[in-house]
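Reviewing the structure listed below.
The values are calculated or read from the model by the stated rules, or taken from the named source; none is laboratory data. In this text, all values refer to a predicted model and were calculated from it rather than measured experimentally. Here the Cβ positions follow ideal geometry from the backbone for every residue, glycine too, while neighbour counts run over all protein chains shown.
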């Protein structure tokens, strides 16, 4: 589809806080418990979005874990040919990129929140807010 996209999205169908996936790290589960209620309150999160939410939280957990390693071991280490970037720096940077992408998809950034308008699932409005 070329041009401007319709500014209508379906509102979320979740009302209760889903349990975070067991495979998420402690930090990732904490982020799940922090963010999911916000998205449920905004009526943004649907059952179909939970995998994306898990990816976002996993990335946040990876950032926290890599940052802890970097805090202890430093940004670089001494290699055979001189200083080398610590592998945790690359892990953190990749996780940051994934987190930003997931955050934008979930409407967790100021820019992504300003783009679409949320429509109400009102059966009395058959045109779904399209004009």
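Of the residues 97, 104, only one is modelled with pLDDT of 95 or more and within 27 Å of the chain's Cα centre (by Cα); which?
97
In contact (Cβ under 8 Å) with a residue 60 or more places away in the chain and in contact with a strand residue (DSSP E or B) (Cβ under 8 Å, 6 or more places away or on another chain): which single residue out of 42, 85, 115 fits that description?
The conditions single out 42.
What residue, among those in region 22-76 that are in a loop (DSSP other than H, G, I, E, B) and under 16 Å from the mean Cα position of the chain (by Cα), is surrounded by the fewest Cβ atoms within 10 Å (Cβ to Cβ)?
Among them, the one singled out is 42.
So which residues in region 35-44 are modelled with pLDDT of 90 or more and under 15 Å from residue 109 (Cα atoms), if there are any at all?
Correct list: 35, 36, 38, 39.
Would you confirm, using the coordinates I've provided, whether residue 61 is closer than 18 Å to residue 24 by Cα and at pLDDT 95 or above?
Answer is yes for this residue.
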